[in-house]
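The structure appears below as structure tokens.
What follows draws every value from the coordinates through simple rules; no lab data is involved. In this text, all values refer to a predicted model and were calculated from it rather than measured experimentally. Note that each Cβ is placed from the backbone with ideal geometry, even for glycine, and that neighbours are counted across all protein chains shown.
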Amino acid sequence: MSSDSGRLVVRPSEGLHGEVPIAGAKNSVLKLMAATVLAEGTHVLHNVPDLTDVTDMAELLSAMGLVVTREGATLTIERPADIVPEAPYELVERMRASIVVLGPLLAKVGEARVAVPGGDDFGHRPIDMHLASLESLGARFTSSHGFIQGRADQLHGTSVVLDFPSVGATENLLMAAVLAKGTTTIDNAAREPEIADLASMLNRMGAQVVGAGSSTIEIEGVAELTPVEHTVIPDRIEAATFLAAVGVAGGEVTLLGARADHMDMLIQKLGTMGMRISPTPEGVWAMSKGELRSTDISTLPYPGVATDYKPLLVAMLTVADGIGIVTENIFGGRFRYISELVRMGADIRTEGHHAVVRGIPALSGAPVRASDIRAGAALVIAGIRAEGETLISGAGHLDRGYERFDEKLRDIGVDVTRLP
Ligand code: EPU
């Protein structure tokens, strides 16, 4: 099924209650899967969410000659001695995150041929930082016919200062530097919990990475890595999505397995908006009366408010009391879902990177289209507080990043149905 197919019908829902299990983090597991390229043998990943992005990454690894099998939430990845160091266009086009095989392929195989990812709804998404930082380790690139061809006989550690704390560039560099000769220092590194998860897996494989999760990461290259067994961290964006659902609907829900310490700024913001959220031994507990107050939001690299939370927060602001100014600082685009919210009666004006959202008591259900994963999630949140029926097409996008999304929502009381 393509991401553009599939529909969800959402009807107004109040008083959510119960428990919802939070799956492993999409933005972690995709990189952990790529990291298995670095060591021959059998790797085992636990807490792997069942998502089309994961299936696509498995397909990419299979195309390279690795053997990926799933049993429940466990993936076993056999990395043979010889692999084909290539990421074809058809897969990169489907999932931009495929670009993270570049670093491990150059470090381990010494060559890589990877299709150049195109732009998307977020705007033009360059990979210049990925390439420049790998070049500073000694890789050489040429590009033709839509592909980047990379070569590296032996990578050498060096100091890299990233222009911006890019998540993907930090990950590619990290996965290349672990097998480079000597020491690599990454300054202005991305600090997302997914980077720390990747470093923790690499260290278990025998790498020597210190400082991941902070803005300076130091990597002492080693000659060889060994296969690993690793459990993926919980998905903070999936958790945020259920928090947003409770926020607009009201109710009391526990997010099983979620990590409050990965969502500090978000929890603070949602507190300002009137929700009560606290960590428990099982995960994160959240309560809302369904009456939200507006606040201003500005997206920033971690530990700031993640750009992936923004569509959810905008959907919440459409029904909050007052006016909220939302500023996007990470991506050039990423406002397309706003026209869909406006079709549902939301009062939103956009100007460049800013959106001004004036809350109204309730939206009005309408047919709308999801243009990406988080846009789709925002429309579901909006549908919970919209009179009548909200018919969301393009719901296949949600399956890229959410496991059993409609089922989990139904379990806590959201009136949502999936149509073919
Ligand atoms: N950038 C460059 N040059 C580069 C790399 C990035 O200019 O070489 C720019 C980007 O265009 C953007 C900014 O730097 O303006 C940040 O991009 P970053 O590299 O941090 O993002 P990413 O690694 O491509 C990941 C997540 C996104 C999430 C962003 C920001 C994955 C698979 N994707 O993307 O998640 O929005 O970090 O936190 O990890 C999602 O899950 O739906 C999603 C899109």
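Hey, can you grab everything whose amide H is under 5 Å from the amide H of residue 298? Only 5+ residues off in sequence or another chain; H modelled, so Pro and N-termini drop out.
Close amide H contacts, sequence-distant or interchain: 327.
Rounded to two decimals, what is Rg over Rh for the chain when you use alpha-carbon atoms and the Kirkwood radius?
In the chain, Rg relative to Rh is 0.98.
Where the centre of each part is set by its Cα atoms, how far does region 38-105 sit from region 348-405, in angstrom?
Cα centroid to Cα centroid, the span is 31 Å.
Quick check: net charge around residue 89, other residues with Cβ under 14 Å of its Cβ, Lys/Arg +1 and Asp/Glu -1?
Once positives and negatives cancel, what remains is -2.
Between residue 389 and residue 46, 0.36 nm times their residue separation minus their Cα-Cα distance comes to what?
Full extension from residue 389 to residue 46 adds 119.7 nm.
So, in nm, how far is label residue 411 from label residue 261 when the simple model puts each one 7 Å beyond its Cα toward the Cβ?
2.5
Quote the FRET efficiency, to the nearest 0.05, computed for residue 187 versus residue 223 with a Förster distance R0 of 30 Å and r equal to the Cβ-Cβ distance.
0.75
Order 380-387, 35-42, 77-84, 231-238 from most to least packed using the mean count of other Cβ atoms within 10 Å.
380-387, 231-238, 35-42, 77-84
Compute the distance in nm between two label points, each set 7 Å from the Cα along the Cα-to-Cβ direction, one at residue 327 and one at residue 164.
1.5
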